[in-house]
Amino acid sequence: MRNTSLTQSVLEGNRLALSRLLTQVENESSDGRAALAELFPHTGRAHLIGVTGAPGTGKSSLVNQLTLYYRKQQDKRVAIIAVDPSSPFTGGAVLGDRVRMRDLSGDNGVFIRSMASRGSVGGLAQTTAALVQVFDAAGYEIIIIETVGAGQGEVEIARLAHTTLVVEAPGLGDDIQAIKAGILEIADVLVINKADRPGVENTERALRSTLELAHPTKRVFRHHGQAMSIDAPEPDSKIWIPPIHKTIATDGTGIAELADSIARHAAHIRQNGDWAVRDRARLGSELEAVLQSELMKRFFDRVQKEKYEAVMEQVIQRNLSPYEAVNQLLNGNPNQEK
Amino acid sequence: MAEKKIRVLVAKPGLDGHDRGAKVVARALRDAGMEVIYTGLRQTPEMIAEAALQEDVDVVGLSILSGAHMALAPRILELLKANGQEDVRVFIGGIIPDEDMPRLKEMGIAGIYGPGASTEDIIRQIREAINK
């Protein structure tokens, strides 16, 4: 299949073409990049929903139920990207999120793609955002991104998604866990799954008191490696306070209410301008990431290997600090070169 | 450009509920650096072919202990072909009587492994099949 025709087939709804293109994009092949360029003008329509939370809180089962809901009640086409970790030692991975999504089988309006994190930290893979673009261009109206089982710092998803769900389960931690920075701060909607388990009242109380302590009025982004905060659009629009939902993903309890909150959140951020702010921030950090890797590549294409090794050796000998070394590699050493 | 990872779907079609073998193989392939999509128990041939399509896998590994391999294997091969994925290599692990092996191979099954098969052999033969 030639690539232009591959892109064309994707736009026409060919599932095999879509799947092959996802692989090319994930592998960052030049064909994949060319296809992304062709597809990019078709993106920007989908509602991106992030689902994150600790391992075992029931993210995959929740995604399964939410998708069933969108299919049955709203007839929306849903794409799911489920990220699981790669082994840091072998690079291999077991991707098991599909096990919980068997109800979605046999429905052409759903496309599930598993992704290995391939060395990225932050809960997503390097190319997750690019895969989202492919699904967006292919006309999926809802794109659900499920992160790896996240601890406290895997907050990358908030940069990618319009609406971020943080999934908790009873019995995972006390209220000190709930006031730490990180994952709870990025929640647009909080979900206490497994709500039929004992301890659900305690979890709910802890989350509620956290929300009362502070709901974010600022949005923090990494910009040129610096944390920068942008005031959330105010003052006339009401501040969004993350609702807390109790669900039982194995039988669908609470899913309709959750979907309703997600829709209200989308409407809210469209109305107050935060949707555009998030789009901007997302594309901005994507641009930065691509620029970074291209600059690195360009640098390594040009630098002489011997020179690089020599400077590196000096760092290892403690003759140069890494900063001095970089300075020398980028600007040359005036003492040696002239 | 990132290196091309070998993607493998490990699936258990049919009704027997023993997935230890499938999990051992999944884990071994992971340790060999492959990306293994694990689908769980009691998959229909349709579900397996659909997952293979969505995941764009290079290899499908079927674990069959029920004796239904002569019904399940050809059906899965047929569905893969119908989806345009005739290039996907299909391997079977499980309890397969010797007399069925030639016919399975003839259908296009790339490798068959019984109890006691070494995971190293499986890994090596998957790599060989893909580079062919």
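The values are calculated or read from the model by the stated rules, or taken from the named source; none is laboratory data. No experiment lies behind these values; they were computed from the predicted model shown. Methodologically, a virtual Cβ is constructed for each residue, glycine included, from the backbone with ideal geometry; neighbour enumeration extends over all protein chains shown.
Checking each residue in the stretch B:36-51 for being farther than 12 Å from A:Arg98 by Cβ and either facing chain A (nearest Cβ under 7 Å) or crowded, with 24+ Cβ neighbours inside 10 Å (or both) picks out B:Glu46, B:Ala49.
Within the stretch A:119-143, take every residue that is assigned to a loop (DSSP other than H, G, I, E, B) and either crowded, with 19+ Cβ neighbours inside 10 Å or outside the structural domain of A:Gln74 (by TED's automatic domain parsing) (or both) and give me the one that is nearest to the chain's Cα centre (by Cα). That would be A:Leu124. Those helices (runs of 4 or more DSSP H) of the stretch B:1-113 in which 1 or more residues are farther than 27 Å from A:Arg20 by Cβ and of a type outside the set (Val, Ile, Thr) occupy B:20-31, B:69-82, B:101-107. Restricting to the stretch B:13-22, give me the number of residues that are touching a residue at least 12 places away in the same chain (Cβ under 8 Å) and surrounded by fewer than 17 Cβ atoms within 10 Å (Cβ to Cβ). Within the stretch B:13-22, residues that are touching a residue at least 12 places away in the same chain (Cβ under 8 Å) and surrounded by fewer than 17 Cβ atoms within 10 Å (Cβ to Cβ) number 3.
Across the stretch A:106-118, the qualifying residues are those that are within 15 Å of A:Ala82 (Cα to Cα) and in a loop (DSSP other than H, G, I, E, B), and the one among them that is nearest to the other protein chains (Cβ to nearest Cβ) is A:Arg118.
If we scan the stretch A:305-319, do we find a residue that is touching a residue at least 24 places away in the same chain (Cβ under 8 Å), β-branched (Val, Ile, Thr), buried (at least 16 other Cβ atoms within 10 Å of the Cβ) and part of a helix (DSSP H, G or I)? No, the conditions are met nowhere in the stretch A:305-319. Taking the criterion of being free of Cβ contacts under 8 Å to residues at least 40 places away in the same chain, surrounded by 10 or more Cβ atoms within 10 Å (Cβ to Cβ) and either more than 20 Å from B:Arg30 (Cβ to Cβ) or small (Gly, Ala, Ser) (or both), the residues of the stretch B:111-132 that qualify are B:Gly111, B:Ile112, B:Gly114, B:Ala117, B:Ser118.
Number of residues in the stretch B:32-80 that are of a type in the set (Lys, Arg) and more than 24 Å from A:Ala79 (Cα to Cα): the value is 1. Looking at the stretch A:41-76, which of its residues are within 14 Å of chain B (Cβ to nearest Cβ) and within 20 Å of A:His265 (Cβ to Cβ)? Result: A:Thr67, single match. Between A:Val132, A:Val121, the distinction of being free of Cβ contacts under 8 Å to residues at least 60 places away in the same chain, of a type in the set (Val, Ile, Thr) and more than 10 Å from chain B (Cβ to nearest Cβ) belongs to A:Val121 only. Exactly one residue out of A:Asp188, A:Asp136 is at pLDDT 95 or above and either touching a Gly at 6+ places or on another chain (Cβ under 9 Å) or polar (S, T, N, Q) (or both): that is A:Asp136. Considering only residues of the stretch B:52-106 that are more than 21 Å from B:Asp19 (Cα to Cα) and of a type in the set (S, T, N, Q), which is surrounded by the fewest Cβ atoms within 10 Å (Cβ to Cβ)? Looking at residues that are more than 21 Å from B:Asp19 (Cα to Cα) and of a type in the set (S, T, N, Q), I get B:Asn83.
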